[in-house]
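J.: Provided herewith is a single structure, encoded as structure tokens, for subsequent inquiry.
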Amino acid sequence: MNIIWHDRSKQFHLYNDKISYIIGVTPVGELGNIYFGRRIHDKEDMSYVVNRMGLANVAVDPDTESYSRELNRQEYPSFGTTDFGTQAYEIECENGSRVSSFVYKDHEIFKGKKGLSGLPATYADESEAMTLEVHLKDDLAGMCLTLSYTIFDKYPVITRHAVFANKGAAAVKLTRALSMCLDLPDQDYDLMHFCGAWARERIPDVKRLSPGAVSIESKRGVSSANENPFVIVKRPLTDDRAGEAMGFSFVYSGNFLAKAECDTFGRTRLLMGIHPDRFTWPLDNGESFETPEVVIAWTSEGLNDLSQTYHALYNNNLVRGIGKNTPRPIIINNWEATFMDFDEEKILSIVKKAKEAGVELFVLDDGWFGERNDDTAGLGDWVENRDKLPQGMAGLSSKVNAMGMKFGFWIEPEMVNPNSNLYRRHPEWALSVPGRKASLGRHQLVLDFSRPEVVDYIFEMLEKVISGADVSYIKWDMNRSLTEVFSQGHEAKDQGTIYHRYVMGVYSLYERLRKAFPEILFESCSSGGNRYDAGMLYYAPQAWCSDNTDAMDRIMIQYGTSYGYPISSIGAHVSAVPNQQTGRSVPIKTRADVAYFGTFGYELDLNTLDDGEFEEVKEQIAFMKKYRELLQFGRFYRLRSPFESDQCAWMVVSEDKKKAIFALYCMRSNVNQLPGFLKLQGLDDDTVYVLRGEEYYGDELMNLGVTLTGLSSNILTTGQDYLSYVEVLEAK
Ligand code: GLA
């Protein structure tokens, strides 16, 4: 890895073994893109990429008389001069002008990577990454801009973000500040994005790019289940096994925009950042604004390789603290077992049975606080409901601990029910416009986390409950989108900052709780997977993937999630049948076979199982304990897509390639078919692996494949849906 500055040509070359990222100062002094892709040789001067050929109807720069921004690839473009594409940023000056031009001033190159202030970001020490900060200035606006680039040594990854600083006398308004723009020289691309809704999150969709623009976005205040802030731009023939692709992952949990724009000259512009709608950030003299980070990864070896880069990078350089590279505890959660109708006795009977099965941690879900007996009341009142928990959280946690299990509980700190003591005392603490009715979501309002005093208050309440008990885990939920985003704690001129300040408030509460209680493992949740993003992973290393716990649907949800997020982050539990969301009854083996590829746990009362099923559960837990490190942190390969057939298959391989586990799920039985072969991936060609007592070479398993007849004579022909197979391979 290195970053070279060519002083004469004013070009930077960032490279590692796999990629090169080359940018340079353009003839008008701004920053332009020269190249991004496979590593190429370094050269002193690549200004031959600058196009000076005039085209009809094109505006040119008055000094050069030949250079048009429109006909050259920009690095962080503005609108208003000679570029007519979507701009990366916009500054409104005091006189109302929105024209700006940032020219190169100087730069810094250093080892390692700086943190972002109050924002989540990947981190790296001096041996892991190098950073380039290019300082640019717009003298007329009195503004400075720093574009920051980090290249990792081990990963084909560049991270980017921008910082605006007002050094002038006049106040300005930042009306758009995306984190990155990447101009690519052609348009032969598909855009893959991950869309859905509650209970069907992150389903991949692929669009062929062609002239015009595609926007993937959230304006819900959270990153959302509807669109995920992760997109892939790939060559049309690229699939999981082969081909070129780039990933763009936004390390942020609020409104976002990811835009792919193809112009009519055959080129593609990609942009990602905070959604510019309802974003206005006033900057007075001396103030600055830092955008969140985008993590750009590249591959020429297919989407499995791209996903593996994100998995490893996020496990090693994003997740922090207690969950980092640590196999996750096996959890039992009482939500689907009791909903809010529980008392201590009921809870302890669930815990007792779970302990007998080998479960390690009990999570008390919603309903333990305030007047919370259904979802119309109580949010905001973070004190134990003594009718349900006579000795509070302290009493329950010590009883759970005494039974040999760790203890955790559920919170939804960003919310308030109108029917709560907190709201009655502080109605002005909810986001709402005075004089207008505030929309409800699940009978609740959103607390104004842009106000530090609100965050302080919630911190203090939670701190009291947590510090009185023995707590190892917290599930942090967030169950509605933001509406009427107006803060009664801010002036009119600052109302455009509230969406972002809200997210910063969430991050600050997370950070304070993490610091105060470093032994607590956080799991994020937002009606399931409504806020499953890289930003959250910085604070909470795992996320409840979906409220849909039906194994057949989970196959698709977890498959889609795996494109951008590590298996260790995927909150996955076995729940009761018929499934509460779909009504489907899937065998308990299949339910576990799906949940193994995640954090694993149970979302049901094990007392309700018959003896045979309970024995199966004990075996499942023993299996997970034996293999969880491999399942959660091994190299993950998608083998067969549930979106292309009635089967799904995936596998994990240990770093030394000596162990692997593959899973095959038959979602729907098909009559009168040949069983076929399943080609594995990631094994060592020459190693002999033992599978079900038989020996096979790695190359045999990867090229000829596992015969499904050999695996089971009846996977396709029993007439039974929902069967699954999980098999362990070990080097001889
Ligand atoms: C959300 C979560 C569930 C559960 C409930 C509790 O829907 O996604 O897992 O915690 O809230 O109200």
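The values are calculated or read from the model by the stated rules, or taken from the named source; none is laboratory data. The shown structure was predicted, so the numbers you read here are calculated from the model rather than taken from an experiment. When we count neighbours, we look across all protein chains shown, and the Cβ atoms used for this are built from the backbone with ideal geometry, even at glycine. Protein only, heavy atoms only, side chains kept; ligands, DNA and RNA dropped before computing areas. Shrake-Rupley method; radii C 1.70, N 1.55, O 1.52, S 1.80 Å.
J.: Read through the list (1) farther than 24 Å from Trp298 by Cα; (2) surrounded by fewer than 21 Cβ atoms within 10 Å (Cβ to Cβ), then give the number of the only condition that Leu136 fails.
T.: Every listed condition holds for Leu136 apart from (2).
J.: For region 302-332, name all the residues that are of a type in the set (Val, Ile, Thr), open to solvent by less than 20 Å² (accessible area, probe 1.4 Å) and more than 18 Å from the chain's Cα centre (by Cα).
T.: Ile330, Ile331, Ile332
J.: For Asp188, state whether it is touching a helix residue (DSSP H, G or I) at 6+ places or on another chain (Cβ under 8 Å), in a loop (DSSP other than H, G, I, E, B) and either within 28 Å of Gly24 (Cβ to Cβ) or touching a residue at least 12 places away in the same chain (Cβ under 8 Å) (or both). Before you say what the answer is, go through the steps one by one.
T.: Working: touching a helix residue (DSSP H, G or I) at 6+ places or on another chain (Cβ under 8 Å): no; in a loop (DSSP other than H, G, I, E, B): yes; either within 28 Å of Gly24 (Cβ to Cβ) or touching a residue at least 12 places away in the same chain (Cβ under 8 Å) (or both): yes.
Spelling it out, it is not the case that Asp188 is touching a helix residue (DSSP H, G or I) at 6+ places or on another chain (Cβ under 8 Å), in a loop (DSSP other than H, G, I, E, B) and either within 28 Å of Gly24 (Cβ to Cβ) or touching a residue at least 12 places away in the same chain (Cβ under 8 Å) (or both).
J.: What pairs can you find where one residue is in region 2-22 and at pLDDT 95 or above, the other is among the small types (Gly, Ala, Ser) and open to solvent by 20 Å² or more (accessible area, probe 1.4 Å), and their Cβ atoms are less than 7 Å apart, with a gap of 6+ or different chains?
T.: Ser9/Ser47
J.: Check Trp410, Trp368, Trp382, Trp335 and return the single one that is open to solvent by 40 Å² or more (accessible area, probe 1.4 Å) and within 15 Å of the ligand (Cβ to nearest atom).
T.: Numbers: Trp410 fails: open to solvent by 40 Å² or more (accessible area, probe 1.4 Å); Trp368 fails: open to solvent by 40 Å² or more (accessible area, probe 1.4 Å); Trp382 fails: open to solvent by 40 Å² or more (accessible area, probe 1.4 Å).
That would be Trp335, the only listed residue that is open to solvent by 40 Å² or more (accessible area, probe 1.4 Å) and within 15 Å of the ligand (Cβ to nearest atom).
So that you can scan it fast, the table gives a plain yes or no per residue for (1) touching a Gly at 6+ places or on another chain (Cβ under 6 Å); (2) open to solvent by 30 Å² or more (accessible area, probe 1.4 Å); (3) within 21 Å of Phe250 (Cβ to Cβ):
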residue	(1), (2), (3)
Met556	no, yes, no
Pro578	no, yes, no
Gln581	no, yes, no
Phe600	no, no, no
Leu604	no, no, no
Glu613	no, yes, no
Ile621	yes, no, no
Lys625	no, yes, no
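J.: I've got another one for you. What are the pairs with Cβ atoms under 9 angstrom where one residue, in region 269-288, is closer than 30 Å to Tyr189 by Cβ and the other, located anywhere, is part of a loop (DSSP other than H, G, I, E, B) and of a type in the set (A, V, I, L, M, F, W, C)? Sequence gap at least six, or different chains.
T.: That search, which allows pairs on different chains as well, returns Leu271/Ala88; Gly273/Ala88; Arg278/Val485.
Yes/no per residue for (1) touching a helix residue (DSSP H, G or I) at 6+ places or on another chain (Cβ under 9 Å); (2) assigned by TED's automatic domain parsing to the domain that holds His13; (3) among the hydroxyl-bearing types (Ser, Thr, Tyr):
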{"position": "Gly85", "(1), (2), (3)": "yes, yes, no"}
{"position": "Glu94", "(1), (2), (3)": "no, yes, no"}
{"position": "Tyr104", "(1), (2), (3)": "no, yes, yes"}
{"position": "Ile109", "(1), (2), (3)": "no, yes, no"}
{"position": "Gly118", "(1), (2), (3)": "yes, yes, no"}
{"position": "Thr122", "(1), (2), (3)": "yes, yes, yes"}
{"position": "Met130", "(1), (2), (3)": "no, yes, no"}
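J.: Here are some residues: Val471, Val465, Val454. Which one is among the β-branched types (Val, Ile, Thr), out of contact with any helix residue (DSSP H, G or I) (no Cβ under 6 Å at 6 or more places or on another chain), open to solvent by less than 50 Å² (accessible area, probe 1.4 Å) and more than 15 Å from the ligand (Cβ to nearest atom)?
T.: Val471 is the lone residue from the list that is among the β-branched types (Val, Ile, Thr), out of contact with any helix residue (DSSP H, G or I) (no Cβ under 6 Å at 6 or more places or on another chain), open to solvent by less than 50 Å² (accessible area, probe 1.4 Å) and more than 15 Å from the ligand (Cβ to nearest atom).
J.: I would also like to ask the following. If you check every pair at least six apart or on different chains, which have Cβ atoms under 7 Å apart with a residue in region 670-693 that is surrounded by fewer than 18 Cβ atoms within 10 Å (Cβ to Cβ) first and a residue that is of a type in the set (A, V, I, L, M) and assigned to a loop (DSSP other than H, G, I, E, B) second?
T.: These pairs meet every condition: Asn670/Leu716; Gln673/Leu716; Pro675/Ile715; Pro675/Leu716.
J.: State which residue is surrounded by the fewest Cβ atoms within 10 Å (Cβ to Cβ) when the search covers only region 69-84 and only residues that are farther than 22 Å from Ala141 by Cα and in contact with an Asp or Glu (Cβ under 8 Å, 6 or more places away or on another chain).
T.: That would be Glu70.
J.: Shifting gears a bit: Out of Val446, Val433, I need the residue that is open to solvent by less than 10 Å² (accessible area, probe 1.4 Å), touching an Asp or Glu at 6+ places or on another chain (Cβ under 9 Å) and in the same structural domain as Ile466 (by TED's automatic domain parsing). Which one?
T.: That would be Val446, the only listed residue that is open to solvent by less than 10 Å² (accessible area, probe 1.4 Å), touching an Asp or Glu at 6+ places or on another chain (Cβ under 9 Å) and in the same structural domain as Ile466 (by TED's automatic domain parsing).
J.: A follow-up question, please. Would you point out which residue out of Ala516, Ala540 is open to solvent by 10 Å² or more (accessible area, probe 1.4 Å), more than 18 Å from Tyr602 (Cα to Cα) and among the hydrophobic types (A, V, I, L, M, F, W, C)? It would help to see each step written out before you state the result.
T.: Numbers: Ala540 fails: open to solvent by 10 Å² or more (accessible area, probe 1.4 Å).
Of Ala516, Ala540, the one residue that is open to solvent by 10 Å² or more (accessible area, probe 1.4 Å), more than 18 Å from Tyr602 (Cα to Cα) and among the hydrophobic types (A, V, I, L, M, F, W, C) is Ala516.
J.: Kindly establish whether Val206 is within 23 Å of Thr26 (Cβ to Cβ), in contact with a strand residue (DSSP E or B) (Cβ under 9 Å, 6 or more places away or on another chain) and surrounded by fewer than 22 Cβ atoms within 10 Å (Cβ to Cβ).
T.: Spelling it out, it is not the case that Val206 is within 23 Å of Thr26 (Cβ to Cβ), in contact with a strand residue (DSSP E or B) (Cβ under 9 Å, 6 or more places away or on another chain) and surrounded by fewer than 22 Cβ atoms within 10 Å (Cβ to Cβ).
J.: Six or more apart or on different chains, Cβ atoms under 8 Å: show the pairs whose first residue is in region 419-438 and in a loop (DSSP other than H, G, I, E, B) and whose second is charged (D, E, K, R).
T.: Ser420/Glu371; Ser420/Asp381; Leu431/Asp448; Leu431/Glu484; Ser432/Glu484; Val433/Glu484; Arg436/Glu484; Ala438/Glu484
J.: Taking region 519-575, which residues are away from the ligand (no atom under 16 Å from the Cβ) and either among the hydroxyl-bearing types (Ser, Thr, Tyr) or at positive phi (or both)?
T.: Tyr538, Tyr539, Tyr559, Ser562, Tyr563, Tyr565, Ser568
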